Amino acid sequence: MTFHQFPDYATLSQYTAEHIAAIINQKPDALLCLASGDTPIETYHRFVDLVKSDKVDISQCTFVGLDEWVGFGPEDVGSCSYYVFRDLFTPLNLRPEQVHVFDAKADDLAAECAKIDAIIKSKGGLDVLLVGMGMNGHIALNEPGTPFTLGCHVVELAESTKTVGQKYFEKETTLTQGITIGLRHLTEAKEVILLVSGAKKAPVLRDALRGPITEQLPASILQTHANGQVWIDEAAGSLLTGF
């Protein structure tokens, strides 16, 4: 694991966008799994700018969705895929065969998990996994207590995740389960980038990087990844003096 603190969110976002572009320039057919949520939005905007200015060619890339609220899809404002399509996939004008996301409205969610597992396996694993971190330390929707060995799976959401998740919806919405990439895919990914921004994440970030590696704090798994990148802004790192 390597660690870098940036002076602000804008600098963090620009650096991340340029880094992802550099990876694709080295491997044009890269398989990428990119998170939704607030933290990567500016990274996506800047990455789109790089693509549109011909700094990187994504025509051979494949993208897989990270996670989704069960019962929701790209057409639902508040869903995970809604925001990734809005901020990244649609502006990039990707072909349908380049994008694979969970159908969280499917009758057979186990088959959806198997589908994404198979895509990742067929490509030899993820080249880039970009994730954020929840207030309880979750990565994707791998809640505290999730085994590090799982592939894609359905999860019962923690109460804190249900509460925080409301911010993405226009009105109060019942959230019960998620479907998500597993932490096994994280450990097997060629590169993992954890983005953390804002002072509210500082306590859990400190625990994830300085505390024990434990399934009770999923983000602590980054300590074990040889090519894990933890990139933060100064606010998120406020409790990591001397790290």
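The values are calculated or read from the model by the stated rules, or taken from the named source; none is laboratory data. Quick caveat: nothing in here was measured; it's all calculated off a predicted structure. Here the Cβ positions follow ideal geometry from the backbone for every residue, glycine too, while neighbour counts run over all protein chains shown. What goes into the accessible areas is simple: the full protein's heavy atoms, side chains included, and nothing from ligands, DNA or RNA. Shrake-Rupley method; radii C 1.70, N 1.55, O 1.52, S 1.80 Å.
Could you count how many residues in the range 199-218 are modelled with pLDDT of 95 or more and more than 17 Å from ALA235 (Cβ to Cβ)?
Of the residues in the range 199-218, 7 are modelled with pLDDT of 95 or more and more than 17 Å from ALA235 (Cβ to Cβ).
Would you check if VAL64 is at pLDDT 95 or above, in a strand (DSSP E or B) and either of a type in the set (A, V, I, L, M) or surrounded by fewer than 18 Cβ atoms within 10 Å (Cβ to Cβ) (or both)?
Details: at pLDDT 95 or above: yes; in a strand (DSSP E or B): yes; either of a type in the set (A, V, I, L, M) or surrounded by fewer than 18 Cβ atoms within 10 Å (Cβ to Cβ) (or both): yes.
Considered against the rule, which asks whether it is at pLDDT 95 or above, in a strand (DSSP E or B) and either of a type in the set (A, V, I, L, M) or surrounded by fewer than 18 Cβ atoms within 10 Å (Cβ to Cβ) (or both), VAL64 comes out as yes.
Could we say that ILE58 is open to solvent by 10 Å² or more (accessible area, probe 1.4 Å), β-branched (Val, Ile, Thr), touching a residue at least 24 places away in the same chain (Cβ under 8 Å) and assigned to a helix (DSSP H, G or I) here? Talk me through it step by step, then tell me what you get.
Numbers: open to solvent by 10 Å² or more (accessible area, probe 1.4 Å): yes; β-branched (Val, Ile, Thr): yes; touching a residue at least 24 places away in the same chain (Cβ under 8 Å): yes; assigned to a helix (DSSP H, G or I): no.
So ILE58 fails the test.
Pairs under 7 Å by beta carbon, first residue under 14 Å from LYS167 (Cα atoms) in the range 76-89, partner among the small types (Gly, Ala, Ser) and surrounded by fewer than 20 Cβ atoms within 10 Å (Cβ to Cβ), six or more apart or different chains?
SER79/GLY73
Going by the structure shown, is GLY125 open to solvent by less than 20 Å² (accessible area, probe 1.4 Å), of a type outside the set (Lys, Arg), in a loop (DSSP other than H, G, I, E, B) and out of contact with any strand residue (DSSP E or B) (no Cβ under 9 Å at 6 or more places or on another chain)?
no
If a residue counts only when it is farther than 22 Å from ILE116 by Cα, which strands (runs of 3 or more DSSP E) contained entirely in the range 166-243 have at least 3 such residues? Even if it seems obvious, please write down each step before you answer.
Details: elements: 177-180, 192-196, 228-233.
The strands (runs of 3 or more DSSP E) meeting that bar are 228-233.
Under 6 Å by Cβ, and 6 or more places apart or on different chains, what pairs join a residue from the range 33-45 that is crowded, with 24+ Cβ neighbours inside 10 Å with one that is part of a helix (DSSP H, G or I)?
From residues that are crowded, with 24+ Cβ neighbours inside 10 Å, the pairs are SER36/CYS80; SER36/TYR83; SER36/VAL84; THR43/SER13; THR43/THR16; THR43/ALA17; TYR44/ASP87; TYR44/LEU88.
Tell me which residues, restricted to the range 67-78, are surrounded by fewer than 17 Cβ atoms within 10 Å (Cβ to Cβ) and of a type outside the set (A, V, I, L, M).
The initial filter retains those residues of the range 67-78 that are surrounded by fewer than 17 Cβ atoms within 10 Å (Cβ to Cβ), namely 71, 75, 77.
Passing the criteria: GLY71, GLU75.
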